[in-house]
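The values are calculated or read from the model by the stated rules, or taken from the named source; none is laboratory data. These numbers come from a predicted model, not from an experiment. Counting neighbours? That spans all protein chains shown, and the Cβs are built from the backbone with ideal geometry, glycine included. Surface accessibility is based on the protein's heavy atoms, side chains included, excluding ligands, DNA and RNA. Shrake-Rupley method; radii C 1.70, N 1.55, O 1.52, S 1.80 Å.
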Amino acid sequence: MVLGRSMMAAKFLVAVMIVFMISGEEVTGSIGAPPPVSDAYLQRVARSLKKYVDPLPAMPKTYGYAVEDGRPKPIALTVGMYEKKWKFHRDLPETTVFVYGKSRRDASYPGPDIEALQGVPLNVTWENHLPERHILPWDPKIPVAVPKHGGVPAVVHLHGSVNGPQSDGSSFAWFTSGFRDVGPSWSQATYHYPNVQHPGNLWYHDHTLGLTRANILAGLVGTYTIRNPLVEAPFGLPSGRHFDRRLVIGDRSFYKDGSLYMNYTGNVPSLHPQWQPEYFGEVIVVNGKAWPYLAVRRRKYRFRILNSSNARYFNLSLSNGLPFTVIGSDATYHRKPVTASSILIAPAEIYDAIINFAESETSTIRLTNSALYPFPGGDPPNTHSSKVMKFIISPKKTVDDSRVPAKLVDYPVANVKDAIKKRYIVLYENETASGEPANLYINGKRLEDPATETPRPGSTEVWQVINLTEDNHPLHLHLATFQAARVRGLVALEAFKACMQEKNDATKCDVKKHATGPVTAVPEHERTWKNIVKIAPGSMTTIVVQFKLIDRDAPYPFDATAEPGYVYHCHILDHEDNAMIRPLILKY
């Protein structure tokens with residue numbers, strides 16, 4: 001994290017405080033703080049939970065289409081948000097969570113995997129049945145949704161989707177139970193998902209202003225799969241509910257009574273009563289279970305792996321050295337399979353990978369994590385956070401008619417020469433005089449400031465993303481599809497930072513002179529069209545951004561210029577909430 005305070009940082013800090021400071025008397029819906037606990041306490045709770053005693057749950061599935069006379073037909077779904085008790089571990093008391101489901105009884109953590117078909121639209125009515133008060137603390141002195149009549153605000157974003165702005169889940173389109181209160185951008189209860197994009201892996205989650213980190217930590221997470229049998233069946237990949245599995249990985253900390261822990265005291269309490277720069281949990285949870293196990297056959301399995309954590313990166317590997325065969329990332333297949341000994345997966349990122357257990361010389365394999373936290377300059381994971389789950393392999397041979405094809409999908413190549421415009425996007429961290437993080441901004445601006453990124457629908461742009469912080473930031477653009485073309489280090493970094501803090505203009509600070517450091521290759525298994533790209537610290541990452549359907553080189557079949565527009569942001573949720581997020585408004 002960047003140290004030092006500048007005049008620009010101070011101005012931004014004053015501005016955001018003037019706009020968003022509200023007194024504690026005006027805030028409704030939060031719970032009283034329990035007695036403070038130490039890291040040692042949270043680690044003792046984690047240590048008390050024996051690993052690999054609960055089986056990995058299979059994700060519940062909801063179909064986003066019907067079949068009549070052998071043909072798929074559009075349908076409408078209603079999915080609610082509910083408060084519910086959830087059992088994270090055999091030896092942990094039940095935990096109160098917020099979860100998605102078609103009913104309270106069926107609601108689950110994570111929420112159901114909604115299976116859609118490419119070209120078959122789906123309407124989803126999202127209902128808020130959450131209680132009057134939040135189960136987790138939240139900070140009233142960051143930009144945050146505060147309903148007049150109480151209740152927990154929520155709104156749903158389908159991450160990685162291509163749909164109109166009214167169905168995107170704007171941070172300002174939140175609503176409370178029964179739509180008693182709604183945000184300034186709320187316009188409709190039913191969202192329309194055209195499912196026009198290529199087949200791939202998406203997920204849905206809360207996106208409420210200033211509450212995203214608390215609502216997702218509480219459990220508002222689910223997955224969404226777009227399939228196209230005509231494209232995918234010829235691949236011959238592992239399929240069916242046993243051999244094609246979702247892994248939703250996250251980290252949580254718990255009190256002894258099973259309730260979720262989230263810090264009640266901010267890093268600068270006088271400035272932020274509750275907000276802290278990152279949340280890291282002591283317990284690793286997969287599909288709603290702490291350190292589960294999965295009994296597998298000696299054959300190939302497909303795992304669609306999502307990192308749903310607030311801030312934790314995972315560097316995943318298999319304890320016996322077995323490799324991953326990566327076939328896709330985020331919502332896109334690769335051109336051909338890529339072999340990787342480990343996979344670094346950022347918050348909100350998805351990898352689609354094959355593990356061939358027939359090649360294992362051991363009867364058990366642990367899925368492990370070696371990513372530092374915060375990434376990349378923090379501490380190594382401890383004995384708890386370094387372990388994810390276990391695979392127990394059957395000794396019997398089994399028939400396996402699946403395969404890994406030599407070729408997958410030929411999408412267009414990312415070419416910086418196709419861009420009609422180049423933009424500089426600069427990531428800042430503003431700090432107090434004592435060096436504590438106060439907020440994080442993009443281009444020195446707030447979400448509420450007028451949009452400066454106004455691309456034309458159908459266009460290709462190059463964004464030069466400059467990271468002046470010490471953290472790696474997972475950059476997410478709503479609607480657009482993009483990929484990293486080059487990562488180049490910045491030389492004379494402190495001088496460049498000082499100039500940028502004063503002038504906030506990459507061109508005036510002679511970025512071309514500074515962006516001459518070593519080039520870091522983009523890992524092969526990340527070279528596809530994505531909706532999350534890792535932005536390394538002290539570097540300038542060149543990304544090619546397309547505002548169209550990449551598989552057909554076609555325009556969006558809806559008005560992408562309509563209100564309320566879209567956003568782009570860091571997907572470390574604590575950063576996004578305060579306030580590393582900016583509007584993205586498409587214009588002709």
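Between residues in segment 447-463 that are over 23 Å from GLU576 (Cα atoms) and residues that are open to solvent by 40 Å² or more (accessible area, probe 1.4 Å) and of a type in the set (Asp, Glu), which pairs lie under 6 Å by C-beta distance while being six or more apart or on different chains?
Listed pairs, sorted by first residue: THR460/ASP418.
For segment 61-91, give me each residue that is under 30 Å from TYR293 (Cα atoms), part of a loop (DSSP other than H, G, I, E, B) and in contact with a strand residue (DSSP E or B) (Cβ under 6 Å, 6 or more places away or on another chain).
Of everything in segment 61-91, those that are under 30 Å from TYR293 (Cα atoms), part of a loop (DSSP other than H, G, I, E, B) and in contact with a strand residue (DSSP E or B) (Cβ under 6 Å, 6 or more places away or on another chain) turn out to be GLY64, PHE88, HIS89.
Within segment 130-209, which strands (runs of 3 or more DSSP E) (wholly inside it) include 3 or more residues that are touching a residue at least 24 places away in the same chain (Cβ under 8 Å) and under 20 Å from the mean Cα position of the chain (by Cα)?
The qualifying strands (runs of 3 or more DSSP E) are 156-159, 200-206.
Would you say MET1 is surrounded by 12 or more Cβ atoms within 10 Å (Cβ to Cβ) and either modelled with pLDDT of 95 or more or within 30 Å of GLN118 (Cβ to Cβ) (or both)?
no
Among what's in segment 341-356 and is open to solvent by less than 10 Å² (accessible area, probe 1.4 Å) and of a type in the set (A, V, I, L, M, F, W, C), pick the residue that is farthest from the chain's Cα centre (by Cα).
In this case the residue turns out to be ILE355.
Can you pull out every residue in segment 367-393 that is touching a helix residue (DSSP H, G or I) at 6+ places or on another chain (Cβ under 9 Å) and part of a strand (DSSP E or B)?
PHE391, ILE393
Tell me, which residue of segment 474-499 that is in a strand (DSSP E or B) and open to solvent by 40 Å² or more (accessible area, probe 1.4 Å) is farthest from GLN546 (Cα to Cα)?
Per the stated criteria, the residue is ARG488.
For segment 137-150, which positions are in contact with a Lys or Arg (Cβ under 9 Å, 6 or more places away or on another chain) and open to solvent by less than 10 Å² (accessible area, probe 1.4 Å)?
Those that are in contact with a Lys or Arg (Cβ under 9 Å, 6 or more places away or on another chain) and open to solvent by less than 10 Å² (accessible area, probe 1.4 Å): PRO143, PRO147, GLY150.
Can you pull out every residue in segment 404-427 that is open to solvent by 50 Å² or more (accessible area, probe 1.4 Å) and either of a type in the set (Asp, Glu) or touching a residue at least 40 places away in the same chain (Cβ under 8 Å) (or both)?
VAL404, ALA406, LYS407, ASP410, PRO412, ASN415, VAL416, ASP418, ILE420, LYS421, LYS422, TYR424
Looking at (1) closer than 30 Å to ASN163 by Cβ; (2) assigned to a strand (DSSP E or B), can you tell me which one HIS525 breaks?
The number of the failed condition is (2).
State whether one or more residues within segment 302-320 are among the charged types (D, E, K, R), open to solvent by 20 Å² or more (accessible area, probe 1.4 Å) and over 20 Å from the mean Cα position of the chain (by Cα).
No, segment 302-320 contains no residue that is among the charged types (D, E, K, R), open to solvent by 20 Å² or more (accessible area, probe 1.4 Å) and over 20 Å from the mean Cα position of the chain (by Cα).
Residue by residue through segment 392-409, note down the ones that are at pLDDT below 95 and acidic (Asp, Glu).
If the condition is that a residue be at pLDDT below 95 and acidic (Asp, Glu), then no residue fits.
Please specify each residue of segment 152-181 satisfying the condition of being small (Gly, Ala, Ser) and either over 12 Å from HIS129 (Cα atoms) or open to solvent by 10 Å² or more (accessible area, probe 1.4 Å) (or both).
Within segment 152-181, GLY160, SER161, GLY164, SER167, GLY169, SER170, SER171, ALA173, SER177, GLY178 meet the criteria.
Filtering segment 69-83 down to residues that are touching a residue at least 24 places away in the same chain (Cβ under 8 Å) and out of contact with any Asp or Glu (no Cβ under 8 Å at 6 or more places or on another chain), which residue is surrounded by the most Cβ atoms within 10 Å (Cβ to Cβ)?
TYR82
So how many residues does segment 311-342 have that are out of contact with any strand residue (DSSP E or B) (no Cβ under 8 Å at 6 or more places or on another chain), in contact (Cβ under 8 Å) with a residue 40 or more places away in the chain and not in a strand (DSSP E or B)?
0
Would you call SER329 open to solvent by less than 10 Å² (accessible area, probe 1.4 Å), at pLDDT 95 or above, under 30 Å from PRO437 (Cα atoms) and of a type in the set (S, T, N, Q)?
It is false that SER329 is open to solvent by less than 10 Å² (accessible area, probe 1.4 Å), at pLDDT 95 or above, under 30 Å from PRO437 (Cα atoms) and of a type in the set (S, T, N, Q).
So the check is Cβ under 6 Å with 6+ separation or different chains; which pairs have a first residue in segment 234-246 that's closer than 13 Å to PRO337 by Cβ and a second one that's part of a loop (DSSP other than H, G, I, E, B) and open to solvent by 30 Å² or more (accessible area, probe 1.4 Å)?
From segment 234-246, the pairs are GLY236/ARG403.
Any chance you could count how many residues in segment 384-403 are within 31 Å of the chain's Cα centre (by Cα), surrounded by fewer than 18 Cβ atoms within 10 Å (Cβ to Cβ) and touching a residue at least 60 places away in the same chain (Cβ under 8 Å)?
Qualifying residue count, segment 384-403: 2.
For segment 204-232, name all the residues that are small (Gly, Ala, Ser) and either open to solvent by 10 Å² or more (accessible area, probe 1.4 Å) or in contact with a Leu (Cβ under 9 Å, 6 or more places away or on another chain) (or both).
Selection gives ALA214, ALA218, GLY219.
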